Structure formats: C-alpha cells, structure tokens
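Participant: What follows is a structure written as structure tokens; I'll ask about it next.
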Amino acid sequence: MIIVMRPQAAETELAAVTALIAALELTAHVSKGAERTIVGVVGAPADKETLLAQFAQLDGVESVVPISRSYKLVSREARRERTVVRLPQGVSFGGETLAICAGPCSVESREQLETTAAAVARAGANVLRGGAFKPRTSPYAFQGLGEEGLKYLREAADRNGLAVVTEVLDTRDVELVARYSDLLQIGARNMQNFALLREAGGARKPVLLKRGIAATIEEWLMAAEYVYAAGNHEVVLCERGIRSYDPQTRNLLDLAAVPLVQGLSHLPVIVDPSHGTGIRALVAPMSLAAVAAGADGLIVEVHPNPAAAFSDGPQSLTLPNFAELTARLRVVAAAVGRSLPEPAAAAV
C-alpha cells in the first residue's frame, strides 16, 4: 500500500507513520516529492482492511491507497510525479534536458578513451559510457581491463566534463565500480540477477537497469523493484531490444515500451539503439525515433575506429557519425519539448 502524507505534514507525523509500520513488522520506503511525501509499505499484513483504516486515522495522512500491481514502489500508483535521477556535471534523467551517454563498448586504452571522450563531449554528450568488465558470450573473447579501465574512464570523463556510466557484473565488484562511476549499469544478462540487484540497491549510487533480452515489461519493472526495495530510489530504465525470430537485426528494438513504461512507472526511460539494432546505419534513425517517442535519453556506442574495435564494431558510430546525430537530435528534441546538453568546453 501507499500512504500519501498531507502537503504540510510535520516530520513528527511522518515519524509516527514509519514507527507504526516498523511495529507491524512491515517495511517503509519514504519518497519525498516536490509537493507531497509518499510512504510505500511493503510486506504481507494479515488484515489489509484494518491496516488501511489504522493508517488513515493518523495525523498528517491524506490518503491510504492499496496497490494492485506486483511492482508497487516503482509504479505510477506509488508516485504520480515522474522521478528525475541526477548525476554530477548537471546530468539528469527525466528532466527537460535529455541525457546522452556515448562511448565505446569496451575500454581498450587510455588514448582510445580520451579521444572518444573529447569528441563526444564536443558533440553534446554529457555521460561517458564504456565497459571495464565485459560479459562476453565466449570465454575467450576480450573481458575488459578491470580496474585499470575504470581509472581511464574516470580520468577521461573528468577532463571533459562528463559523468560516467559503466557496467558491474558481480556482487563482489559493486563497491569497486561505484568508486569510479556515477551510474551503475546492470546489463541485460544480469537483469534478473537478484543478488546483484540487491547489492546495487545498497550501493547508494544511481542504477541504470537494462531490459533483459527476453524480458516482459512486468519482469523488467519487477527487477527495478528489487533495486528500489533495497533502498535505492534512483533507478533509470533502459530499453535495449529483445530477442526476436528475425536475424536481420541483432535485436528487436521495442520503442513502444518507452511510452508504455512511462505510463506504468514513474522511473525515467532511455533507449540503447546500438544494441537494439546491432547495425550502424540504423542507430541514427532509431535514436531520432526514440526521442520522438518520449525517451529521456540515449546510450550510444561510439568508437574512433570501429573496424579495429575489440567488440561491437559493426554497431558503433564513428566520431563524425555521432556529431551528425546530435545535430539532428536537437531538432527532434525541440519538436517534442526537450533539449540536448550544450557541448562541453574543450578540455585543458
């Protein structure tokens, strides 16, 4: 259930509500919005009707709303206003300005990353992406540079005024990755790694949760619920395509999921057209379509020399490709009432 506090409810009244929740051996999740404070109640009470009446009588409570959906805390029923997730460097997911994440699939070297970071910042990206730990289908493929790659990411991002998003694969690495990044990415293969979701939920760093390759919308939102229920209320969802029967593209990019999920959940939603299509020529048109559909941002693979990339070269944009894309994105974003970040100043 959700307890909606009155606009001017005192902290003592909120404390009385959370104290009763604890006394009933339930769990409280407090979310303070611009106008109202919402308290999510998670657990299995014996008598829901009595419980609803019990909370409704407390001072400062405006209403008590039972939640019918299995994903309770991330649902629109729990929070009517949209969540905005903020990172350093003025980056926001869910605000008027789109979040544009760009960079290589894999961190290969300091030079590769610095070249890419400087170029995408000049073009208008505000988040540097890159994999230091890589989940590869083959155990013999390049697995990433590990902590060395994380250091390169942080250095390049700081020099170019960018925030950092990178993937964490293992519960044992959450603390390490959080030390260098601003946004922890949970990849498609790990969307239902519940131990990792809980660990990331406890890291107190925003989480980017990609949709699994065969996940339904409800399964995706339930995965977000794991992170949220662990105490982390800064979750960004990422549509990155689902597996289909047609081999013409790497995945089937489900852009209908963007407005659909925005109607079901208060969390921001971005799109990954690189993994969603697997084809360089399709990345730009699907990026434009994603922004037109209402996406709160994009995460795009960009490489200075895709032909020599350690991974995902065929779907990576070149540096000029990306600059052309952001110029076109500004037009589409303006048409739907959004904007792109201003290009960063040159690094000194």
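Participant: Given Cβ point charges of +1 (Lys, Arg) and -1 (Asp, Glu) and nothing else, what value in debye, to the nearest 20, does the dipole of region 2-65 about its Cα centre take?
Facilitator: Using Cβ point charges on Lys, Arg, Asp and Glu, region 2-65 gives about 160 debye.
Participant: Write down the radius of gyration of region 85-335 and its Dmax, each obtained from C-alpha positions, in Å.
Facilitator: 16.2, 46
Participant: Listing Ile279, Ile38, Ile100 from the residue with the fewest other Cβ atoms within 10 Å to the one with the most, what is the order?
Facilitator: Fewest to most other Cβ atoms nearby, the residues stand as Ile279, Ile38, Ile100.
Participant: I've got another one for you. Ranked highest first by average number of other Cβ atoms within 10 Å, how do 220-228, 122-130 line up?
Facilitator: Output ranking for 220-228, 122-130: 122-130, 220-228.
Participant: Please name which of Tyr228, Pro88, Val331 has its Cα lying farthest along the dipole of region 85-335 towards the positive end, using unit charges on Cβ (Lys, Arg +1; Asp, Glu -1) and the Cα centre as origin.
Facilitator: Most positive-ward Cα: Val331.
Participant: Arrange the following residues from fewest to most other Cβ atoms within 10 Å of their Cβ: Lys151, Lys210, Lys205, Lys32.
Facilitator: Ascending Cβ contact count within 10 Å gives the list Lys32, Lys151, Lys205, Lys210.
Participant: On to the next question. In what order do Glu114, Glu301, Glu167 fall by count of nearby beta-carbon atoms within 10 Å, going from fewest to most?
Facilitator: Glu114, Glu167, Glu301
Participant: Shifting gears a bit: By its C-alpha gyration tensor, with a ≥ b ≥ c as the square roots of the eigenvalues, how is region 285-348 shaped: rounded for a/c under 1.5, else prolate for a/b larger than b/c, else oblate?
Facilitator: oblate
Participant: Determine, for the chain, the count of lysine pairs separated by eight or more sequence positions (or lying on different chains) whose alpha-carbon distance falls under 23 Å.
Facilitator: Eligible lysine pairs with Cα atoms under 23 Å apart amount to 9.
Participant: A follow-up question, please. Under a Cβ-only charge scheme (Lys and Arg +1, Asp and Glu -1), can you give me the dipole magnitude of the chain about the Cα centre, in debye to the nearest 20?
Facilitator: With only Lys, Arg, Asp and Glu charged at Cβ, the dipole is about 500 debye.
Participant: Where does the charge balance sit around Pro306 when Lys and Arg score +1, Asp and Glu -1, over other residues with C-beta under 14 Å from its C-beta?
Facilitator: Its environment carries a net charge of -2.
Participant: Quickly rank 336-343, 253-260 as a protection proxy: mean count of other C-beta atoms within 10 Å, highest first.
Facilitator: 253-260, 336-343
Participant: Skipping prolines and chain starts, which residues have an amide H placed within reach, meaning under 5 Å, of the one on Leu208, given they are 5 or more residues away or on another chain?
Facilitator: Leu184, Gln185, Ile186, Val236
Participant: Starting from the Cα of Ala10, step 7 Å toward the Cβ, then list every residue of region 59-79 with an amide N under 14 Å from that point.
Facilitator: 59-61
Participant: Related question: Expressed as a whole percent, how much of the Cα-Cα distance distribution for region 2-65 exceeds 20 Å?
Facilitator: Cα-Cα pairs in region 2-65 separated by more than 20 Å: 16 percent.
Participant: If you put +1 on each Lys and Arg Cβ and -1 on each Asp and Glu Cβ, how big is the dipole of region 128-237 around its Cα centre, in Debye rounded to 20?
Facilitator: 220 debye
Quick note: the coordinates plus some simple rules give every number you see, no bench work behind them. All figures in this text were calculated on a predicted structure; none of them were measured in a lab. Every residue, glycine among them, receives a Cβ derived from its backbone with ideal geometry; neighbour counts consider all protein chains shown.
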